[in-house]
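**Q** Dropping a structure here in structure tokens format, bear with me for questions.
The values are calculated or read from the model by the stated rules, or taken from the named source; none is laboratory data. Only a predicted model underlies this, so the values are computations on that prediction, with no experimental measurement involved. Cβ: placed from backbone, ideal geometry, glycine included. Neighbour counts: every protein chain shown.
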Amino acid sequence: MILDEAQQLHRMTNNTLQLARLDSSKVDIPTNWESMEEIVGTAGARVRRNHPGRRIEIRLADDLPLLRCDAVLMNQLLDNLIENSLRHSDEEKPIVIHANHDSSSLHLSVEDRGCGISDAWKERVFDIFQRVEASDVVADGQTRRGIGIGLAVCRAIAEVHGGRLKITDTPGGGATVSLTLPLSEQPEQPRELTG
Amino acid sequence: MKTRILLVEDDLTLREVLKQSLELEGFSVDSHSTLAGASAAWAHHLNTLQSVSSFSIVIVDLGLPDGDGGALIRLVRAQSKIPVLVISAREDDVRKINLLDAGADDYLVKPFSIGELKARIRVALRRQMPDLHASAEEIRIGSLEINLPKRIVKRSGERIHLTPTEFNLLARLLSQAGQVVTHRQLLNDVWGAEYVEHVHYLRLYMTQLCAKLEADPAVPALLLTETGVGYRFCELNPPPD
């Protein structure tokens, strides 16, 4: 419990610091070639460790290209989206992460089967310190913990990578947050060692 | 004889919690808040090797009031092979990687649990035992069998074909099972010094290895990613807590 609280506090502090950094006009992020399989796999493992009672499904397309990004930021984005989904859906409902790509973009989404979000809030939730009011919560209206900074950081992280975030309704109820990121020309392939 | 730990952490509360928790686990802990104090304790250690006051492991926070914990790590590594664990804040990523490349054995990012710290200490100390992994001709993890000298990998008795590079990468990770190996160390040891910046080689080969070795590649249990730092092969035969 203490570690949970410490991690929650750490996440909030980290989000606040990151937002301040990413908001500065000339932020220079260290990028490298990263694998979406690894980023999603690491996030999934963290959820299973921190929330053993929750169900998380990972559905990745085959042959996902490498992504040029800051893996630490991308992890933070995914952590925030997953924590958000967990917070706004019931214990027995799964969280589903999808990743696929087309010729120019990589698409990542985190889908929950929670209380959903009204159309009026679908853009506003990305603004800092905006929290959905109980009357705007579609289904159960429970009070959920958070200070309204996580999604603002997610959007800042997406934008600093040239990407965009949007929220749509999950068919059958719930919310899906989708991230689209531009793909770069893939690096040269290593030659197999002999012997 | 109790295993003796040199603990260097400037945060009084964290230092006391760590000291008490580790002492409850049966360790003897010599704790310090400054680089100067820890360096003096280390100098004493060098003069008393093989005695009851010599250390088996060093745990050091990077940010200390009178200097960088990295200075102590370099001092220890220049004079000894005992394990060094780094405690750091997440924003210390670059420094942390440099110190791992310079010889620190593993790291923990705050906040961490005592259980996690104990597991890292256990792995680091086990690696101190002579030839534990070198003598392990065949490693078994669940249904997976890895024969290092013969370069054969099987799952449930069925041979899995690994390319030479995939096997070299696997063997390098297994040589430090349970501990993080940085991107730079892996690229240097598998491909060579001129490839230490080619991180995409690792991404491609680790994806291939995961696809071949993991029961469910989307839920890696053997080949673990340490974001921004490197990779870790899971601990072999961890004892129950």
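**Q** Among the residues of the range A:94-104, is any at pLDDT below 95 and assigned to a helix (DSSP H, G or I)?
**A** no
**Q** Same structure again: Checking B:A211 against (1) in a loop (DSSP other than H, G, I, E, B); (2) facing chain A (nearest Cβ under 10 Å); (3) small (G, A, S), only one condition comes out false. Which one?
**A** Going through the list (1) in a loop (DSSP other than H, G, I, E, B); (2) facing chain A (nearest Cβ under 10 Å); (3) small (G, A, S), B:A211 breaks only (1).
**Q** Let me ask you something else. In the range B:181-195, is there at least one residue being acidic (D, E), farther than 28 Å from A:I58 by Cα and at pLDDT 90 or above? Let's see the steps before the verdict.
**A** If we filter the range B:181-195 for residues that are acidic (D, E), which is where we start, we get B:189, B:194.
Pick out the ones that are also farther than 28 Å from A:I58 by Cα and you get B:189, B:194.
Restricting the remaining residues to those that are at pLDDT 90 or above gives B:189, B:194.
Looking through the range B:181-195, at least one residue is acidic (D, E), farther than 28 Å from A:I58 by Cα and at pLDDT 90 or above.
**Q** Is there any pair linking a residue in the range A:163-185 that is modelled with pLDDT under 95 to one that is polar (S, T, N, Q) and assigned to a loop (DSSP other than H, G, I, E, B), with Cβ under 7 Å and at least six apart or on different chains, and which?
**A** So the pair list comes out as A:G174/A:S89.
**Q** Tell me whether the range B:197-204 contains one or more residues that are over 21 Å from B:R122 (Cβ atoms) and more than 13 Å from every other protein chain (Cβ to nearest Cβ). Steps first, answer last, please.
**A** First, the residues of the range B:197-204 that are over 21 Å from B:R122 (Cβ atoms): B:197-204.
Adding the requirement that they be more than 13 Å from every other protein chain (Cβ to nearest Cβ) leaves none.
Within the range B:197-204 (the criterion being over 21 Å from B:R122 (Cβ atoms) and more than 13 Å from every other protein chain (Cβ to nearest Cβ)), the answer is no, since none of the residues qualifies.
**Q** Looking at the range B:81-97, can you tell me whether even one residue there is among the polar types (S, T, N, Q) and surrounded by fewer than 17 Cβ atoms within 10 Å (Cβ to Cβ)? Full working, then the answer.
**A** Taking the range B:81-97 and keeping what is among the polar types (S, T, N, Q), we get B:88.
Going one step further and asking which of them are surrounded by fewer than 17 Cβ atoms within 10 Å (Cβ to Cβ), we end up with none.
No: zero hits.
**Q** So which of A:S85, A:S109, A:S104 ends up being in contact with a strand residue (DSSP E or B) (Cβ under 7 Å, 6 or more places away or on another chain) and farther than 18 Å from A:I167 by Cα?
**A** Values: A:S85 fails: farther than 18 Å from A:I167 by Cα; A:S109 fails: farther than 18 Å from A:I167 by Cα.
Every option except A:S104 fails the conditions.
**Q** Please find, among B:L125, B:L132, B:L100, B:L144, the residue that is among the aliphatic types (A, V, I, L, M) and modelled with pLDDT of 90 or more. Please lay out each step first, then the result.
**A** Working: B:L125 fails: modelled with pLDDT of 90 or more; B:L132 fails: modelled with pLDDT of 90 or more; B:L100 fails: modelled with pLDDT of 90 or more.
Result: B:L144 is the single residue among B:L125, B:L132, B:L100, B:L144 that is among the aliphatic types (A, V, I, L, M) and modelled with pLDDT of 90 or more.
**Q** Is it the case, given these coordinates, that A:E83 is more than 18 Å from A:T180 (Cβ to Cβ), touching a Pro at 6+ places or on another chain (Cβ under 7 Å) and more than 7 Å from every other protein chain (Cβ to nearest Cβ)?
**A** Working: more than 18 Å from A:T180 (Cβ to Cβ): yes; touching a Pro at 6+ places or on another chain (Cβ under 7 Å): no; more than 7 Å from every other protein chain (Cβ to nearest Cβ): yes.
The answer is no for A:E83.
**Q** Could you tell me which of the residues A:L77, A:L108, A:L64, A:L81 is assigned to a strand (DSSP E or B) and buried (at least 17 other Cβ atoms within 10 Å of the Cβ)? If you could, list the steps in order and put the result at the bottom.
**A** Working: A:L77 fails: assigned to a strand (DSSP E or B); A:L64 fails: assigned to a strand (DSSP E or B); A:L81 fails: assigned to a strand (DSSP E or B).
From the options A:L77, A:L108, A:L64, A:L81, the qualifying one is A:L108.
**Q** Could you say whether any residue in the range B:19-30 is on the phi > 0 side of the Ramachandran plot and assigned to a strand (DSSP E or B)? It would help to see each step written out before you state the result.
**A** In the first step, residues of the range B:19-30 are kept if they are on the phi > 0 side of the Ramachandran plot; the result is B:26.
Imposing the further condition that a residue be assigned to a strand (DSSP E or B) reduces the set to none.
For the range B:19-30, residues on the phi > 0 side of the Ramachandran plot and assigned to a strand (DSSP E or B): absent.
**Q** Which condition number does B:R77 fail, the rest of (1) in a loop (DSSP other than H, G, I, E, B); (2) out of contact with any helix residue (DSSP H, G or I) (no Cβ under 8 Å at 6 or more places or on another chain) being met?
**A** All conditions pass for B:R77, except number (1).
**Q** Under 16 Å from B:L7 (Cβ atoms) and within 15 Å of the chain's Cα centre (by Cα), is that true of B:I97? Please lay out each step first, then the result.
**A** Values: under 16 Å from B:L7 (Cβ atoms): no; within 15 Å of the chain's Cα centre (by Cα): yes.
No: the conditions fail for B:I97.
**Q** Specify which of the listed residues (B:T182, B:T225, B:T163) is crowded, with 17+ Cβ neighbours inside 10 Å and either on the phi > 0 side of the Ramachandran plot or within 9 Å of chain A (Cβ to nearest Cβ) (or both). Explain how you work it out, then say what you get.
**A** Values: B:T182 fails: either on the phi > 0 side of the Ramachandran plot or within 9 Å of chain A (Cβ to nearest Cβ) (or both); B:T163 fails: crowded, with 17+ Cβ neighbours inside 10 Å.
Exactly one of B:T182, B:T225, B:T163 is crowded, with 17+ Cβ neighbours inside 10 Å and either on the phi > 0 side of the Ramachandran plot or within 9 Å of chain A (Cβ to nearest Cβ) (or both), namely B:T225.
**Q** Name the single residue that is modelled with the highest pLDDT among those in the range A:16-26 being more than 12 Å from chain B (Cβ to nearest Cβ) and part of a helix (DSSP H, G or I). Walk me through how you get there before you give the answer.
**A** So the first thing to find is which residues in the range A:16-26 are more than 12 Å from chain B (Cβ to nearest Cβ), and the list is A:16, A:19-20, A:22-26.
Within this subset, residues satisfying the condition of being part of a helix (DSSP H, G or I) are A:16, A:19-20, A:22-23.
Working: A:T16: 73, A:L19: 71, A:A20: 71, A:L22: 76, A:D23: 71.
Result: A:L22.
**Q** Tally the residues that are in contact with a Leu (Cβ under 7 Å, 6 or more places away or on another chain) and within 11 Å of chain A (Cβ to nearest Cβ), restricting the search to the range B:185-196. Give the steps one after another, and end with the answer.
**A** Initially, the range B:185-196 is screened for residues in contact with a Leu (Cβ under 7 Å, 6 or more places away or on another chain), giving B:186-187, B:190, B:195-196.
With the extra rule that they be within 11 Å of chain A (Cβ to nearest Cβ), the set shrinks to B:187, B:190, B:195.
Number satisfying all stated conditions: 3.
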